[in-house]
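I have placed the structure first, in the form of structure tokens, so that the comments after it can refer back to it.
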Amino acid sequence: MTTSGKKTEHSFSPLPTGKPPLEQVVRRALTDEVLTTLRKAIIAGAFGPGDHVPEARMAEQLGVSRVPVREAMMALEREGLLAFDERGAARVRDFTAADFEEIFTMRLALEPMAARLACRKLQPADLAAFTENIRRMRQTEGLLDVTLLDVDFHDLVMKVARHSLLSVCWGNLRSPLRVWLARLHRLEEGPRETRTITLRGHMKIVKTLQSGDEEAAAEEMRGHLVSWRARMPKSTWEGNVS
């Protein structure tokens, strides 16, 4: 109100009433849906290393235009799952022994630290989230779901650590890690055996986080990661991984 009792006039512009904002939201949703679908296909092994992922064919199969497919492919390139060749064709990235070693050593650097911080900062809501992840893991029958829930568990540890720069570093590992885990899981005896091994390790981590012993939490996580590397047959990461 002004001193004269009159309302102050503002120069706010009215909200746009045209279609572009709504169209942008719809396109963003389509891109996210296509991104999720293509990412899962790569993780599940539907596309092998070096395989061409044809933009036009994907658009036709998914019933969308080529724009959200192209945007999703560019996002997958940033995630490290696709690479564009000199002609602009998208191909599934080849992962080598060096890639695996880099991911493993980064996990060893980041995740024990995250476990230590998570042990210090664990809240009841965090424990509920871990419990829900474990419950869903117990109930799932699909191998791909086991893989995705496995990485989700480690995402939760990072979230509970509440360390923004640590989360940024972890974000660069998430998609390649899913690929490696999925390939390991496909080599094991089946979803039930893989689920049992994974649950056992995750339940031990949660128990240690609850103990309040930060060093024990870091060591439990380190042991979990070392066992993951030991389970990956050496023959699968000497050269390209299929």
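No lab work stands behind these numbers, since they all come straight from the coordinates. Please read these numbers as outputs of a predicted model, since none were measured by experiment. With ideal geometry, Cβ positions are generated from the backbone for all residues, glycine too; neighbour counts draw on all protein chains shown.
Sort Val64, Val92, Val168 so that the residue with the fewest other Cβ atoms within 10 Å of its own Cβ comes first and the one with the most comes last.
Taking fewest neighbouring Cβ atoms as first place, the list is Val168, Val64, Val92.
For segment 101-117, in order, what is each residue's ³J(HN,Hα) by Karplus, 6.51 cos²θ - 1.76 cosθ + 1.60 with θ = phi - 60°, in whole Hz (x at glycine and Pro)?
3J(HN,Hα) across segment 101-117, in whole Hz: 5, 5, 4, 5, 5, 5, 4, 4, 7, 8, 6, x, 4, 5, 5, 4, 5.
Non-local amide H neighbours of Asp94 (under 5 Å, H modeled in plane, Pro and chain starts lacking H): which ones?
Gly50
Given R₀ = 35 Å, what would the calculated FRET efficiency be for Arg78 paired with Lys207, taking r from the Cβ atoms and rounding to 0.05?
The value I calculate is 0.45.
Can you work out the PRE-style zone for Cys169? Point 7 Å along Cα to Cβ, and I want the residues of segment 70-109 with backbone N under 15 Å.
102-109
Full-extension gain between Gln123 and Thr36, please, as 0.36 nm times their residue separation minus the C-alpha to C-alpha distance.
My answer for the length gained is 28.3 nm.
Over the chain, what portion of Cα pair distances is larger than 32 Å, expressed as a whole percent?
Considering the chain, 33 percent of its Cα-Cα pairs are separated by more than 32 Å.
For the pairs Lys121/Lys204; Lys159/Lys204; Lys204/Lys234; Lys40/Lys234, note any where the Cα-Cα span goes beyond 22 Å.
Where the Cα-Cα span goes over 22 Å, the pairs concerned are Lys204/Lys234; Lys40/Lys234.
What number, rounded to the nearest 500 deg cm²/dmol, is the helix-based mean residue ellipticity at 222 nm of the chain, given -39500 (n - 2.57) per DSSP H run of at least four residues and division by all its residues?
Here the helix-only value at 222 nm equals -24000 deg cm²/dmol.
At each listed q (0.11, 0.14, 0.15, 0.19 Å⁻¹), what is the log10 of I(q)/I(0) that the Debye formula gives for segment 21-92 modelled as equal alpha-carbon point scatterers?
-0.24, -0.39, -0.45, -0.71
Name all residues of segment 37-52 having a backbone nitrogen under 17 Å from the label point set 7 Å from the Cα of Asp85 along its Cα→Cβ direction, giving them as ranges.
47-52
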